[in-house]
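Step one of this worksheet: look at the structure below.
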Amino acid sequence: MLGLMQSHQLLISSLIEFAERHHGEGEVVSRRVEGDIHRYTYKDVATRARQVANALDDLKLGFSDRVATLAWNGYRHLELYFGVSGSGRVLHTLNPRLHPDQIAWIANHAEDTVLCFDMSFLPIVKAIHSRCTTVKHFVALCDADKLPADSGIPGLVSYEDWIGAQSSHYKWPSFDENSASSMCYTSGTTGHPKAALYSHRSTMLHALSGALPDSLCMSARDSVLPVVPMFHVNAWGLPYSAAMTGAKLVFPGPAMDGKSIFELIESEKVTFAAGVPTVWQMMLSHMQAGGLRFSSLKRTVIGGSACPPAMITAFNDVYGVEVLHAWGMTEMSPLGTVCTLKNKHLPMTSEEKMKVRLKQGRGIFGVDMKIIDGDGHELPWDGKAYGDLLVKGPWIISEYFKGEGGSPLVDGWFPTGDVATIDPDGYMQITDRSKDVIKSGGEWISSIDVENIAMAHPAVAMAACIGMKHPKWDERPIIAVMKKPGFDLTREELLKFYEGKTAKFQIPDDVVFVDAIPLGGTGKMQKTKLRELLKDYKLPGA
Ligand code: AMP
């Protein structure tokens with residue numbers, strides 16, 4: 001017997017329809033590439049998203065055709081999120097921080113037909129447009145008077161002209177919720193980047209689960225600042241969850257420095273902000289230097305790489321902001337776990353709570369996890385056994401776009417490439433990326449643990465631990481350190497700082513001071529680049 005409920009497809013267009021009807025006056029505020037602050041409402045987003053859909057129809061784009069963006073977090077990008085996917089096309093968010101050759105390769109692989117770009121990325125588009133063989137239409141996300149006369153880009157139009165000519169009436173089509181809605185490339189460890197291809201259904205379910213109280217806890221009372229880029233896994237789904245809940249959205253545009261982010265949090269009364277640790281590091285440094293305080297920020301979700309304990313302490317203890325440590329992947333839309341406390345943790349001391357907060361958190365509804373040993377046997381959830389972490393759920397990929405790399409699944413589970421423990425309460429803790437774990441004399445050393453201790457030193461701005469070949473121990477850890485400006489720190493001082501904080505064999509053998517730690521397109525430390533930089537390095541005594 002079937003249930004007697006209405007059958008509606010879960011489609012992204014329903015989010016913006018809902019936001020317009022129920023939160024029409026809800027604000028969307030953006031710092032623009034032009035430098036000024038732009039302010040409008042969900043009603044305006046919906047109106048202009050319909051114009052985008054009409055403009056795409058006018059170009060005779062087919063169902064599932066790819067529309068690419070090279071853009072910061074901003075209102076025009078948001079309109080494309082809804083207009084492109086809502087009308088049945090696939091939004092392809094290109095990462096502008098990649099090398100232009102890589103961007104061209106990705107655009108060709110995705111077979112993008114339209115490329116919409118912020119003016120900051122005009123030089124990239126100028127350099128690659130002739131190589132993007134499938135792109136027929138170039139749209140600059142600006143007013144007509146900002147369009148360069150001599151760009152050399154064929155048929156370049158301004159976004160405002162392009163959609164301005166269109167009617168704001170449009171009936172969103174209904175189609176199979178399993179249809180592709182957006183895509184994001186991720187650079188694996190080997191070979192070319194591969195794309196995760198999200199569907200309307202996966203995006204909607206992810207947005208629903210992501211908004212829950214024990215996930216990101218989004219509501220119509222929130223003012224949400226996604227510092228995480230809209231070109232990185234749909235800004236962790238925040239634009240969708242915000243439309244679903246009517247939360248105010250605040251976009252930082254290109255100004256990602258600590259001062260600009262802090263000012264935006266204050267001026268727009270942001271209650272909830274999301275980003276990778278490197279961004280928050282810059283903001284905390286700015287605040288510490290100026291003795292600044294938050295007046296509205298209540299919580300911040302930190303993920304993308306391990307959040308150093310010193311950062312959790314600074315937010316919690318110094319600024320009274322709750323840190324939600326979260327973990328996920330491009331292949332997981334991206335949310336997998338969020339570290340929110342359970343009732344049993346509330347009476348604990350702050351030190352005990354800290355131990356919980358340091359973990360990457362509990363699986364959110366929809367994500368199942370397990371850890372396995374080298375023979376594929378499932379390991380216990382005892383908080384001690386560590387093994388390869390596998391996941392499954394309705395917003396986790398079944399295969400990459402165009403079947404690249406073959407089926408990634410193992411008995412229906414997606415291997416994350418992370419090594420983790422899971423405790424009896426279901427809290428998962430990443431020990432390392434499987435390729436970053438250091439094996440010393442048969443013992444595993446977590447590079448994250450080694451980095452976390454260094455990051456707690458007041459003179460350290462950023463630290464990356466890698467393993468170096470060792471004739472006796474197989475590998476030994478060293479720590480590459482970028483100092484905070486104006487601070488002095490010697491190798492001996494830092495090594496002394498490790499004493500008593502970790503087992504002796506986990507103390508790095510050496511400290512290498514560097515001007516900068518190489519960061520990837522999404523702000524994560526690039527250990528492969530660091531290894532290349534230090535290829536001539538010799539371990540002391542090795
Ligand atoms: P990406 O697909 O670029 O988002 O990268 C996903 C990878 O980032 C994961 O497999 C983890 O290795 C790492 N990662 C994400 N969040 C965290 C976190 N909270 N702690 C440690 N590593 C993380």
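Please treat every number below as a calculation from the coordinates, not as lab data. Source: prediction; values computed, not measured. Please note: Cβ atoms are built from the backbone with ideal geometry, for glycine as well, and neighbour counts cover all protein chains shown.
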Revision key, fill the gap. The summed charge of the Thr337 Cβ neighbourhood (under 10 Å; Lys/Arg +1, Asp/Glu -1) stands at +2
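So between Lys43 and Gln9, what do we pick up on full extension, going 0.36 nm a residue minus the alpha carbon distance?
10.0 nm
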Revision key, fill the gap. Placing each pseudo-label 7 Å from Cα in the direction of the beta carbon, Arg97 and Lys472 end up separated by a distance in nanometres of 4.0
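What ranking do 509-521, 113-125, 528-540 get when scored by the average of other Cβ atoms within 10 Å per residue, highest first?
Highest-to-lowest ranking by the protection proxy: 113-125, 509-521, 528-540.
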Check your understanding: Stokes-Einstein at 4 °C, 1.567 mPa s, Kirkwood radius from Cα pairs: D for the chain in µm² s⁻¹?
Key -> 53
Exercise for review: Treating each Cα of segment 381-481 as an identical point scatterer and ignoring solvent, apply the Debye formula and state log10 I(q)/I(0) at q = 0.16, 0.18, 0.19, 0.23 Å⁻¹.
Suggested key: -0.86, -0.97, -1.01, -1.13
Revision key, fill the gap. Helix 277-290 sits off the longest principal axis of the Cα atoms of the chain, rounded to the nearest 10 on a 0 to 90 degree scale, by 80
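Could you tell me the calculated FRET efficiency between Ser168 and Leu2, based on Cβ-Cβ distance and R0 = 60 angstrom, to the nearest 0.05?
For Ser168 and Leu2, the calculated efficiency is 0.95.
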Point to revise | Relative contact order %, the chain, counting alpha carbon pairs below 8 Å whose residues are six or more apart | key: 10
Check your understanding: For the pair Glu492 and Phe365, how long in nm is the line joining their label points, each one 7 Å along Cα→Cβ?
Key -> 5.9
Review point. Computed from the mean reciprocal separation of all distinct C-alpha pairs, what Kirkwood hydrodynamic radius does segment 32-175 have, in Å?
Key: 15.2
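Hey, fewest Cβ within 10 Å first, where do Arg491, Arg89 land in order?
In increasing order of surrounding Cβ atoms, one gets Arg491, Arg89.
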Review point. Once the Cα atoms of helix 258-267 and of the chain are each reduced to a long axis, what angle between those two axes, in degrees from 0 to 90 to the nearest 10, is obtained?
Key: 60
Study note, to complete from the structure: If Ile265, Ile371 are placed from fewest to most neighbouring beta carbons inside 10 Å, the sequence is Ile371, Ile265
Review point. With Cβ to Cβ distances under 13 Å as the rule, what net charge do the other residues near Val276 carry (K, R +1; D, E -1)?
Key: +2
Revision key, fill the gap. Residue separation between Asp515 and Asp317 times 0.36 nm, minus their alpha-carbon distance, gives in nm 68.3 nm
Practice item. Report the FRET efficiency, 1/(1 + (r/R0)^6), for Met482 and Lys353, where r is their Cβ-Cβ distance and R0 is 45 Å, rounded to 0.05. Key: 0.90
Point to revise | Extension gain, Leu212 back to Ala459 (0.36 nm per residue minus Cα-Cα distance, nm) | key: 85.1 nm
**Study point:** Globularity index of segment 156-278, i.e. its alpha-carbon radius of gyration over 2.2 N^0.38 Å
**Key:** 1.23
Practice item. Taking all pairs of distinct Cα atoms, average 1/r, flip it, and tell me the Kirkwood hydrodynamic radius of segment 438-533 in Å to one decimal place. Key: 13.6
**Study point:** Residue-averaged [θ]222 nm for the chain, counting only DSSP H segments that reach four residues, each worth -39500 (n - 2.57)
**Key:** -8000 deg cm²/dmol
Check your understanding: Once both labels are modelled 7 Å past Cα along the beta-carbon direction, what's the Leu533-Ser295 spacing in nm?
Key -> 3.9
Practice item. Using a cut-off of 12 Å between beta-carbons, work out the net charge of the residues near Arg48 (Lys and Arg +1, Asp and Glu -1, Arg48 not included). Key: -1
Check your understanding: Can you work out D for segment 275-352 in µm² s⁻¹ from Stokes-Einstein, where Rh is the Kirkwood radius over C-alpha pairs, the temperature is 37 °C and the viscosity is 0.692 mPa s?
Key -> 240
